[in-house]
Amino acid sequence: MTDLSPDPLIDPTTFDLIVVGTGLAESIIAAAASAAGKTVLHLDPNPYYGGHFTTLPLHDLASFLNSASVPSPPSPPSATDDALDYVSVDLQTRSLYSDVEISSYAPEVLQEHSRKFNIDLAGPRVLFCADKCIDAVLKAGVNQYLEFKSIDASYFWDETGKLVNVPGSRAAIFKDRSLSLTEKNQLMRFFKLVQQHLLPAEDNENSKISQEDLDSPFVEFLNKLRLPQKMKSIILYAISLADYDQNDTEVGKKTLLTKEGIDRLALYHTSIGRFQNAQGALLYPIYGQGELSQAFCRRAAVKGCLYVLRMPVVALLKDKSNEHYKGVRLASGQDIFSHQLVLDPCFMVPRPLNLSLESLQDVSLRDANDKVARGIYITKHSLVSDVRNCLLVYPPKALFPEQVSSVRVLQIGGNLAVCPEDMFVIYISTLCANANQGKEMVRAAINSIISLFASECSDASSVDQNINAEEKGSCLLWSASYIQESSAGQFGPVSFTPMPDGNLNYDDLMNATFELFQKMYPNEEFFPKTTSTAVHQDDDGEES
């Protein structure tokens, strides 16, 4: 008697596109292809959506990090039937996470509230109200599946070791009591210059920033305007979100040009006031960033995409005659066919012998060669009294002289359904060349934050960053730190989506996803327009 697989057979067995992994890029491609009328099979070996962009309960996140940091053992060779016109090529996976350190300082408290945690794997992440991800959410009509709240405030760690509020508009500058009258006038003039430059050419031809200035380093342009160091740092690192020290000439290729800096200022400025009830420029999805992947998957399902979770793919199918990949073999033993395959970046695929390196095309993604150091911390303290959700940027060298890149911190409170009401989740990330460098910067950031907690409680005037384990345990309930590999998306006989980058928002990921879709389907529109043009409001009047 033949043993039957406990998994139901998939029918049909041929699709226009097979996508393996439900990360954000894979989910967007599946939704866009489904909207274009393609037949799509979307698989994931996990029991949840989101892939490397997922949001998980605390215990599941710890389990994922511990298992994902260990190389997977080679899978047993797939059986080959000589009568078939194709052969199977075994898939291998690579470890994309390393140096995982997890500590629980209050296990009883965490266990009591275990069902109330929704933790992002790729934090910190926010959405600008006017960014490309929000545009895609609206264009695809997935806003009906999402709810958002505003980030209450943005802060900058200045050279004196103090939190400085980041003004995002001329009105905010006028109201900011931390700025002197001279600083307000300087910033007002700068934002006016940017606004005039962004007006249509026929309205202000004489007010445009010169092409020479646009092609120059942004820091040189700011120096030319004689802005003080504090203002330059806020513009460069807290609003334009430059990754590396812009005064370091050795950085070279990572220097932010004026044109890109102006574009980022424009994104920040146009995000303020885009939605009626959004308080500032930044949004965060209720229940976590993993909701974005789920929303695009739901949209794809409405358009006919077939979903199968808990279904590992063990091999690719390769045509014997031309060496082209033509499908996948599932763990159930079933073979499914498609000439268009998109895989999660954790997979490694042997290249056919006749495949040249030139036929594999990278899709755009900045800093794909860098690693991302990430930290997640649960605490009962807020960075700023009476502020639940906020962003904090430590510019290069703010924590210690060898800090080479900006460190970004996002605090999310219980009103966003990621933790109990009396707790906060703090995400930290920074780009790094190696694990030791990244861990040192994340460690310095959380020590600074703990010192900030202590100064808030004791009204201390100085900040001591030499935090011992006892002090850390008294401030934190749980912590995790890890190094995540980066990778660009890739288009070819088998295409790959990118890993989460070190950016705060999704614009570079959206660019890479759009480019990959256009290479796959050059004659198809990336989400035909729907009638939806606004986000919904939740019960508290926030954006959703």
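The values are calculated or read from the model by the stated rules, or taken from the named source; none is laboratory data. Note that this is a predicted model, so its numbers are computed, not measured. Note: ideal-geometry Cβ built from the backbone for every residue, glycine included; neighbour counts use all protein chains shown. Each accessible area value is taken on the protein alone, full model and side chains, heavy atoms only, with ligands, DNA and RNA left out. Shrake-Rupley method; radii C 1.70, N 1.55, O 1.52, S 1.80 Å.
Structure values in brief
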item	result
Surface accessible to a 1.4 Å probe, per residue, for the residues of segment 169-271, Å²	54 Å²
Charge dipole magnitude, Cβ of K and R +1, D and E -1 - segment 169-271, Cα centre, debye nearest 20	580 debye
Anisotropy class of segment 169-271 from Cα gyration tensor, a/c 1.5 cut	oblate
Residue (of Gln196, Ile209, Phe174) at the positive-pole extreme of segment 169-271, dipole from beta-carbon charges	Phe174
Accessible area of segment 169-271 belonging to carbon and sulfur atoms, whole % at 1.4 Å probe	50 percent
Using a Förster distance of 45 Å, the FRET efficiency for Lys320-Val70 (Cβ separation, nearest 0.05)	0.80
Inter-label distance, nm, simple model (7 Å from Cα along the C-beta direction), Ser95/Ala83	4.3 nm
Label-to-label distance, nm, for residues given as Thr270 and Ser385 (7 Å Cα→Cβ offset)	4.0 nm
Segment 212-264 versus segment 1-67: alpha-carbon centroid distance in Å	41 Å
Total charge dipole magnitude, segment 33-176, about the Cα centre, Cβ charges on Lys, Arg, Asp, Glu only, Debye to nearest 20	680 debye
Summed residue charge, Cβ within 12 Å of Ala445's Cβ, Lys/Arg positive, Asp/Glu negative	+3
Net +/- balance of residues flanking Pro47 in space, Cβ distance below 12 Å, scoring K and R +1, D and E -1	-1
Among Phe275, Ile234, Phe218 the positive-end extreme of the charge dipole of segment 208-299 (Cβ point charges)	Phe275
Nitroxide proxy distance, nm - points 7 Å out along Cα→Cβ at Phe400 and Ala433	1.6 nm
Computed lengthening from Arg177 to Lys224, 0.36 nm per intervening residue step minus Cα-Cα distance	14.3 nm
